[in-house]
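Student: One structure follows; several queries about it will come next.
The values are calculated or read from the model by the stated rules, or taken from the named source; none is laboratory data. Since we're looking at a predicted model, the values are computed, not measured. Every residue, glycine among them, receives a Cβ derived from its backbone with ideal geometry; neighbour counts consider all protein chains shown.
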Amino acid sequence: MTMMTRRQSQRQRSPSIVFVRMQRTAPAPFNHPDADLILTTCAPTRFLVSRLTIVAASDYFRDRLASTPPSSAQNPAVIDGLPESDATMETILRLIYPVPEPLLCDLDDLSDAYNAATKYKMQKAQLTLERMLLAPRFLEAEPVRIYAIARRFGMVNIAETAAEYALRVSPVWPCYEEFNFIPARDYHTLATFHRERSLAAAACLDSSLFSAMLRPCEVCDEPKKRRNPLWWKQYVALCRPVLLETPVSTAVCDPSFVHKIVTSNTCKLCRGSTLEALFPGGAIHKLKQLLDDLPHTMHLE
């Protein structure tokens, strides 16, 4: 609040001034003059809608309007004081109306819409929003938050999918608001799943399978002193902390990651061996198989 605003707020209002709260009307198609039901948010904004459409899509509004007399465009039924924002109300209405689905680019908007759709018992809107939650733009960017949203509303399958995607991000998670709406055990379950998968992934680096696949470098290694080539030891040293953070094969078996070892190695033979290990029959390709075979799904109740 600015200094001027603070001074103005301390002034006593003249009793001769009456402040009138402006009412707005929602955009099309929720401004039709033939609407027989008006839903008013606390903005206040009026949504002029079809009573038949709303009652068919929402058990909440069906029950609320059951005792009211029939309405018409000349005498519409009115429900005032809906606490949702205009954006949230428009979103859930577009999900039940025969119009194109809204494009939600922000997870806050999607979470608010799902909360409202659940409150008003709009099953069609809920199912559409659940599908949107699994969109890559959300799932890849904020899997832990989606997990929390899913646990809050009992979406078990989505929570399990989000937990799998959470393996791709560091376990140092932001304190999302949604954590306030789920039990601590749900957070603990996800953290435990991530930790156990991380330890199992790091253990794959110590598999005895690699000893039979790797051969010492004729230039860099002394066969009697080193069981595995130097480039592999460098690769493992680089992989281990990464897998403890993000225990998935894409984190360490992707060519862009392996390129770090190749460019840092001065031995031409070691560089060639590192690249060959990416292909079937190679050690890095085998590591990818071991990591991909680890349990990656968290089964929830």
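Student: Under 7 Å by Cβ, and 6 or more places apart or on different chains, what pairs join a residue from segment 135-148 that is in contact (Cβ under 8 Å) with a residue 40 or more places away in the chain and closer than 20 Å to Phe181 by Cβ with one that is small (Gly, Ala, Ser) and in a helix (DSSP H, G or I)?
Tutor: Val144/Ala166; Tyr147/Ala159; Tyr147/Ala162; Tyr147/Ala163; Tyr147/Ala166
Student: Only one of (1) modelled with pLDDT under 95; (2) assigned by TED's automatic domain parsing to the domain that holds Cys270; (3) crowded, with 19+ Cβ neighbours inside 10 Å is not met by Pro247, so which one is it?
Tutor: (1)
Student: Confirm whether Glu160 is under 30 Å from Val242 (Cα atoms), out of contact with any strand residue (DSSP E or B) (no Cβ under 9 Å at 6 or more places or on another chain) and touching a residue at least 40 places away in the same chain (Cβ under 8 Å).
Tutor: Against the criterion (under 30 Å from Val242 (Cα atoms), out of contact with any strand residue (DSSP E or B) (no Cβ under 9 Å at 6 or more places or on another chain) and touching a residue at least 40 places away in the same chain (Cβ under 8 Å)), Glu160 qualifies.
Student: If you take the residues of segment 263-295 that are surrounded by 15 or more Cβ atoms within 10 Å (Cβ to Cβ) and not hydrophobic (A, V, I, L, M, F, W, C), which of them is nearest to the chain's Cα centre (by Cα)?
Tutor: Lys288
Student: I would also like to ask the following. Within segment 170-255, which helices (runs of 4 or more DSSP H) (wholly inside it) include 1 or more residues that are more than 18 Å from Ala277 (Cα to Cα) and among the hydroxyl-bearing types (Ser, Thr, Tyr)?
Tutor: 184-204
Student: Restricting to segment 86-110, name every residue that is of a type in the set (S, T, N, Q) and modelled with pLDDT under 95.
Tutor: Within segment 86-110, none qualify.
Student: Could you grab the pairs with beta carbons closer than 9 Å, sequence gap of 6+ or different chains, first residue in segment 99-116 and in contact (Cβ under 8 Å) with a residue 24 or more places away in the chain and part of a loop (DSSP other than H, G, I, E, B), second one small (Gly, Ala, Ser) and crowded, with 19+ Cβ neighbours inside 10 Å?
Tutor: If the second residue must be small (Gly, Ala, Ser) and crowded, with 19+ Cβ neighbours inside 10 Å, the pairs left are Leu104/Ala113.
Student: Sticking with this structure for a sec: Considering only residues that are in contact (Cβ under 8 Å) with a residue 12 or more places away in the chain and part of a loop (DSSP other than H, G, I, E, B), which ones fall in segment 256-276?
Tutor: Asn265, Cys267
Student: Considering only residues that are loosely packed, with under 14 Cβ neighbours inside 10 Å, without any contact (Cβ under 8 Å) to a residue 40 or more places away in the chain and within 24 Å of Ala148 (Cβ to Cβ), which ones fall in segment 192-208?
Tutor: If the condition is that a residue be loosely packed, with under 14 Cβ neighbours inside 10 Å, without any contact (Cβ under 8 Å) to a residue 40 or more places away in the chain and within 24 Å of Ala148 (Cβ to Cβ), then Thr192, Arg195 are the ones that fit.
Student: Ile146 fails exactly one of the following numbered conditions: (1) assigned by TED's automatic domain parsing to the domain that holds Cys267; (2) crowded, with 19+ Cβ neighbours inside 10 Å; (3) not acidic (Asp, Glu). What is the number of that condition?
Tutor: Looking at each condition in turn, Ile146 falls short on (1).
Student: Oh, and also: Is there a residue in segment 172-193 that is within 30 Å of Ala283 (Cβ to Cβ), of a type outside the set (Val, Ile, Thr) and outside the structural domain of Ser249 (by TED's automatic domain parsing)?
Tutor: Looking for residues that are within 30 Å of Ala283 (Cβ to Cβ), of a type outside the set (Val, Ile, Thr) and outside the structural domain of Ser249 (by TED's automatic domain parsing), one finds at least one in segment 172-193, hence yes.
Student: Follow-up. Restricting attention to segment 106-138, and to residues there that are crowded, with 19+ Cβ neighbours inside 10 Å and of a type in the set (Ser, Thr, Tyr), which single residue is farthest from Asn157 (Cα to Cα)?
Tutor: My answer is Tyr120.
Student: Of the conditions (1) over 21 Å from Ala148 (Cα atoms); (2) surrounded by 12 or more Cβ atoms within 10 Å (Cβ to Cβ); (3) touching a helix residue (DSSP H, G or I) at 6+ places or on another chain (Cβ under 9 Å), Pro241 fails just one. Which one is it?
Tutor: (2)
Student: May I ask you to say which residue of Thr41, Thr91 is surrounded by 15 or more Cβ atoms within 10 Å (Cβ to Cβ) and under 19 Å from Gln23 (Cα atoms)?
Tutor: None of the other options fit; the residue is Thr41.
Student: All but one of (1) surrounded by fewer than 16 Cβ atoms within 10 Å (Cβ to Cβ); (2) under 29 Å from the mean Cα position of the chain (by Cα) hold for Ser85, so report the exception by its number.
Tutor: Of the numbered conditions (1) surrounded by fewer than 16 Cβ atoms within 10 Å (Cβ to Cβ); (2) under 29 Å from the mean Cα position of the chain (by Cα), the odd one out for Ser85 is (1).
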